[in-house]
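To keep things clear, I will list the structure first and then write my remarks on it.
Please treat every number below as a calculation from the coordinates, not as lab data. Note that the coordinates shown come from a computational prediction; the quantities given were computed from them, not determined experimentally. All Cβ positions, glycine included, derive from the backbone under ideal geometry; neighbour counts span all protein chains shown.
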Amino acid sequence: MRIVRTVDELRAWSRANRKECKTIGLVPTMGALHAGHASLIRAARERCDAVAVSIFVNPTQFGPNEDFAKYPRTFDADCALAASLGAEVVFAPAVEELYPEGAETFVDVEGLSGRLDGASRPGHFRGVATVVSKLFIAAEADLAFFGQKDAAQVAVLRRMTKDLRLATEIVVCPIVREVDGLALSSRNIYLTAPQRHQALALSRAIGVVESLVGHGQRNVPTLIEAVEAVFGAEPDVRVDYIVCVDWATLEPVEAATQGTLFAVAAWVGETRLIDNTIIG
Ligand code: PAF
């Protein structure tokens with residue numbers, strides 16, 4: 001497996017593969033890879049002939065008081081994992097490679113970017129859309145793989161891809177969970193043992209929604225009330241949002257119908273966690 005640092009090298013790799021009629025998969029990450037990322041790389045290997053994993057802690061998607069500086073960086077282990085799963089290339093650019101001095105071009109998916117996580121993290125989705133568009137343009141991939149856990153991010157990126165008529169298709173892979181239900185996240189390592197326990201309120205809440213929906217309950221206020229009761233029993237967890245929205249627009253819906261996104265976000269200590277389910 002090769003580690004490439006520049007856009008030109010990544011593009012040359014991609015074009016060489018395309019010349020051989022190979023399909024190209026991209027797995028964008030910020031590193032600190034876990035089993036959730038592994039599932040994305042596996043899915044990319046299954047569907048594409050050649051796979052690149054990008055590892056870039058993108059400064060523009062972090063707010064001034066967020067965890068950019070302390071975000072976990074485990075580059076050697078990440079490369080070993082990517083290689084073991086069959087990635088051909090790890091793209092690990094320096095900040096100046098993706099944001100050359102004087103850069104003043106950003107991608108802003110207006111409207112969507114201010115909803116859900118975008119409401120509590122102003123500028124976050126502008127940073128995500130900007131870096132992912134740069135990655136798509138550099139990698140010239142056929143398919144790019146993202147986790148359903150970041151469901152609002154997926155909505156923003158789908159809109160961006162459509163609006164800019166980008167040629168890369170977005171593939172969404174299921175949430176990967178610990179055995180006790182906690183959705184995998186690179187930020188889980190911030191949790192102390194008691195917080196790790198409190199954090200289970202998120203997956204418990206999602207489980208309650210899935211069970212109610214499984215029994216035919218589609219009324220949104222009823223679903224939200226049930227989730228509020230779960231969080232009410234965990235007073236150290238501070239809810240950011242509990243929403244039932246159209247997955248494409250992130251606008252609230254009246255009834256939870258097929259394809260609707262039910263999502264929660266909450267603070268456990270200093271760590272903000274998210275979880276969701278797509279109504280079946
Ligand atoms: O989901 C992530 O890890 C990041 O938001 C992404 C898509 C790699 C962009 O930096």
Residues of segment 168-198 being part of a loop (DSSP other than H, G, I, E, B) and under 20 Å from the mean Cα position of the chain (by Cα), which ones? Thr168, Pro174, Ile175, Val176, Glu178, Gly181, Leu182, Leu184, Ser185, Leu191
Go through segment 48-89 and give me each residue that's in contact (Cβ under 8 Å) with a residue 60 or more places away in the chain, more than 13 Å from the ligand (Cβ to nearest atom) and either more than 24 Å from Thr130 (Cβ to Cβ) or surrounded by 18 or more Cβ atoms within 10 Å (Cβ to Cβ) (or both). Cys48, Cys79, Ala82, Ala83, Ala87, Glu88, Val89
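Quick check on my filter: what residues within segment 127-147 are surrounded by 17 or more Cβ atoms within 10 Å (Cβ to Cβ) and in a helix (DSSP H, G or I)?
Gly127, Val128, Ala129, Thr130, Val131, Val132, Ser133, Lys134, Leu135, Phe136, Ala138, Ala139
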Within segment 148-167, restricting to residues that are outside any loop (DSSP other than H, G, I, E, B) and of a type in the set (Lys, Arg), the one that is farthest from the ligand (Cβ to nearest atom) is Lys162
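Based on this model, can you work out whether Glu210 counts as surrounded by fewer than 17 Cβ atoms within 10 Å (Cβ to Cβ), without any contact (Cβ under 8 Å) to a residue 40 or more places away in the chain and charged (D, E, K, R)? Before the answer, list the steps.
Working: surrounded by fewer than 17 Cβ atoms within 10 Å (Cβ to Cβ): yes; without any contact (Cβ under 8 Å) to a residue 40 or more places away in the chain: no; charged (D, E, K, R): yes.
Here the answer is no, as Glu210 does not meet what is asked.
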Identify, by number, the condition in (1) in contact with a Leu (Cβ under 6 Å, 6 or more places away or on another chain); (2) charged (D, E, K, R); (3) farther than 15 Å from Leu33 by Cα that Asp78 doesn't meet. (3)
Pick out the one residue from Ala183, Ala193 that is over 20 Å from Asp246 (Cα atoms) and more than 16 Å from the ligand (Cβ to nearest atom). Ala193
